[in-house]
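Notes follow the structure.
Coordinate-derived values only; no laboratory data. The structure presented is a predicted model; accordingly, all values stated were derived computationally and were not measured. Note that we place each Cβ from the backbone using ideal geometry, even for glycine, and neighbour counts take in every protein chain shown.
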């Protein structure tokens, strides 16, 4: 299953053309895409227009859903974060560490447009689309 990060959804809903948004557009309705609590919170908070908010909520609601947070993900995420810090790699956002950890633990691929995930691919096996 492919988790689509908020970085891609935000670009997609803003009409930004990129490799990731083109890929997302191609995958919608064809691939099993996943969303979750963290993604929903990050994406839906950004809409000013109520109609755009409802449209996005409807589209995201049509995807497979998973609760992404929990004790196991939180603890493993902290372990990854600490390991990267010991290697001299700064994790830019805690939320990226949580999303990456969720994907690694559940063997989901990640479609993203955020370089903050790169260390998780290099060091912990995060599979990126």
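Looking at the stretch 1-25, which of its residues are exposed (fewer than 14 other Cβ atoms within 10 Å of the Cβ) and in a helix (DSSP H, G or I)?
19, 22, 25
Across the stretch 110-128, what is the number of residues that are touching a residue at least 24 places away in the same chain (Cβ under 8 Å) and in contact with a strand residue (DSSP E or B) (Cβ under 8 Å, 6 or more places away or on another chain)?
Step one: of the stretch 110-128, the residues touching a residue at least 24 places away in the same chain (Cβ under 8 Å) are 110-114, 116-117, 119-120, 123-124, 126-127.
Of the ones still in play, those that are also in contact with a strand residue (DSSP E or B) (Cβ under 8 Å, 6 or more places away or on another chain) are 110-112, 117, 126-127.
Number of matching residues: 6.
Could you list all residues from the stretch 19-40 that are within 15 Å of the chain's Cα centre (by Cα) and under 14 Å from residue 110 (Cα atoms)? Even if it seems obvious, please write down each step before you answer.
Of all residues in the stretch 19-40, those within 15 Å of the chain's Cα centre (by Cα) come to 20-21, 23-24, 32-40.
Answer for the stretch 19-40, where residues must be within 15 Å of the chain's Cα centre (by Cα) and under 14 Å from residue 110 (Cα atoms): 20, 21, 23, 24, 32, 33, 34, 35, 36, 38, 39.
Looking at the stretch 41-58, which of its residues are surrounded by 11 or more Cβ atoms within 10 Å (Cβ to Cβ), in a helix (DSSP H, G or I) and over 13 Å from the mean Cα position of the chain (by Cα)?
Keep residues of the stretch 41-58 that are surrounded by 11 or more Cβ atoms within 10 Å (Cβ to Cβ), which gives 41-44, 46-47, 52-57.
With the extra rule that they be in a helix (DSSP H, G or I), the set shrinks to 41-44, 52-57.
Within the stretch 41-58, 44, 52, 53, 54, 55, 56, 57 qualify.
Given (1) within 12 Å of residue 102 (Cβ to Cβ); (2) in contact with a strand residue (DSSP E or B) (Cβ under 8 Å, 6 or more places away or on another chain); (3) in a helix (DSSP H, G or I), where does residue 35 come up short, assuming only one miss?
Of the numbered conditions (1) within 12 Å of residue 102 (Cβ to Cβ); (2) in contact with a strand residue (DSSP E or B) (Cβ under 8 Å, 6 or more places away or on another chain); (3) in a helix (DSSP H, G or I), the odd one out for residue 35 is (3).
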